[in-house]
Each structure stands twice: as structure tokens, then as C-alpha cells.
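Comments concern the structure below.
The values are calculated or read from the model by the stated rules, or taken from the named source; none is laboratory data. Since the structure is predicted, the reported quantities are computational estimates derived from the model, not experimental observations. Just so you know, the surface numbers come from the protein's heavy atoms only, side chains and all, with ligands and any DNA or RNA stripped out. Shrake-Rupley method; radii C 1.70, N 1.55, O 1.52, S 1.80 Å.
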Amino acid sequence: MNKREVLVRETHRALLFRNGALVDVLGPGRYRLASDWKVKWLRRAIENVILLDVRERELTIKGQEILTADKVAIRVSIITNYRVVDPSAAVTRVESFEDRIYSDVQLAARRSLASMTLEDILTNRNQLSDDILQDVAEVAADYGVAIHRAHVKDLVFPGNLQEIMNRVLATERLSEAQRVEARTKAETAVIEAEAKAAVLAEGARAQANANRVASEAEAEGIRIRAAAERDAMRERLEMADTLAAQPALLRLHELDALAALGKNANARLYVGVDKRLNEGDGSS
């Protein structure tokens, strides 16, 4: 019996057919088949394999012209990322899973675009991609393929509409620039106002501290003067008590005062004059 070897890489899976029937899906490794596929004898088991790439791949659906809900014809290109997750289903349930993905994405795009107006498409392009992905992913799962992305790459409009759209886009960019400028000015004004308010608040705090310090200094001055007056009054009282207890000392103070007054040429001293005599002299 003829032998032949098959090497299955990590990136692939091998579908083993025996006499035309799928009997196994081979993972990475080295395998030896029972007979060569070229053998034509019906009595001998014939084995052959189909290698299938299970890595994620990209498929571009180009230039599909589709009518929107408001009857505007646009051309759309879609990038689809997919991966075979069930090799047996991908090979046995459809003739070519890649062709089937292509047609399924086309149909999903037509269904989605037919339900959207031009304005909807322009303002919510991501929703279009999400709708197509959701639609085609469910269908592709039936033949063993997982769709990871169905992104709308390009939207091409009729000539006159394209010119209008360019103007609209230019206007939108200008409006966005004006909004950014206005927002920047508003934020700058807010920052300046906050800075001014902070300066005023700091000035108010400084003035309040200065007033507090001045009040405390004035109160301290009043306290010191009151204490000095109290001490002076206490000294006078003590002196008065001393002089009252010692008349001789009081007399000495009187003589000292008279001596001091006597040094002043303008001072007038009346010593030993009876007040009643002065009054009698005045009446006569």
C-alpha cells in the first residue's frame, strides 16, 4: 500500500476524507495517509486531505452601489475580518465560504443602507458598520466562520452630491473650529475670572489679617496704658498714705514745691494771708 505524509502547521487544520467522506479534522502535526489519492482501485480505501487556514483574514467588498432609503445611490466599500472556527462546516456546508462571506456582506449592506437616509448614514456611520456586522455574523456562524469586523471603509456619492458634501464637510470643519475657539475663549475667561477671584480673596484675607493685627495692637496699647495708670494711681495712694502718716515729710514736700515755684519769676506766692482779711479789704 502506498504511503504519503501530510504536515499540518499551527496556522492550519486538515480535513481528512476517506473514500469521499469526512472522517476527521487534524490539528497541527505530521500524519501518514493510508493510500495515495491518485489510486483508482475502488476496493482500496482512498484518503485525501484539504488544508484550511484558520488565521484571521481580511476580505474587502469593493464598490457596491446601493440605494439609500431616500433613493440616493452611493457606492460603499467594506472591509471584513473573519476567521474559520469550524473547518468541517466551512468546507461541507457551502461551496466556497469566502464567496459566501462576500455575498452575505453585500446583502447585509444593502438591507442596512436601504433602511437609512443619507443624513442617517453621514451622521451615524458607525451604526451602519455595526448593523452590517450584526447581520452577517449570525449568518456566517452557520457555515463555521466568525466575523470580527465589517467596517465601512469608503462612501462615494454622485458627482454633484459629492461637491455638496464637500461643502457641508468644509462648513462643519469651520463650525467645529469656531466652537473650539469659542470654547477656548470661554475657558480662558473662566480661568481669568477664577484667578481674579483668588487674588481678591487673598487680598481680603490679607486685609482681614492686617485689621486683626491692628486691633490686637490697639487693644494691647490700651491694656498697657491702663496698667500704667493703675500703677501710677497706686503709687500716689501709697505716697498719700505715707505723707498722712508723717507730717514732717509732707512739710518737706511743700518746701520743695515752694522752692521750685520761687525760681519762676512770673509765679505769685501768697503765704499766710487770711482769706477773710482779703475779702474785708475788697469791700472797703
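Please give the solvent-accessible surface of L107 in Å², to the nearest 10, using a probe radius of 1.4 Å with every protein chain present.
L107 exposes around 90 Å² with every protein chain in place.
Around L26, which amide H atoms from residues at least 5 apart in sequence, or from another chain, sit under 5 Å from its own amide H, with H modelled in the peptide plane?
Amide H to amide H, under 5 Å and 5 or more residues apart or across chains, L26 pairs with A14, L15, L16.
What is the extension gain from L67 to A227, computed as 0.36 nm multiplied by their sequence separation minus the C-alpha to C-alpha distance, in nm to one decimal?
Extra length from L67 to A227 when fully extended: 47.4 nm.
Quick check: Cα centre of the range 62-76 to Cα centre of the range 174-232, how many Å?
When both Cα centres are located, 66 Å separates them.
Give the cross-link partners of K185 among the aspartates and glutamates, using a straight C-alpha distance below 20 Å as the criterion and excluding same-chain residues fewer than 8 apart.
E172, E176, E194
Could you tell me the relative contact order of the range 17-149? Use alpha-carbon pairs under 8 Å, at least six residues apart, and round to a whole percent.
That works out to 24 percent.
Name the aspartates and glutamates eligible as straight-distance cross-link partners of K196: C-alpha to C-alpha under 15 Å, and not fewer than 8 places from it in the same chain.
Partners found: E187.
Along its principal axes, what span do the Cα atoms of the range 46-140 show, with the longest given first and each in whole Å?
Each principal axis gives a Cα extent; for the range 46-140 these are 59, 19, 19 Å.
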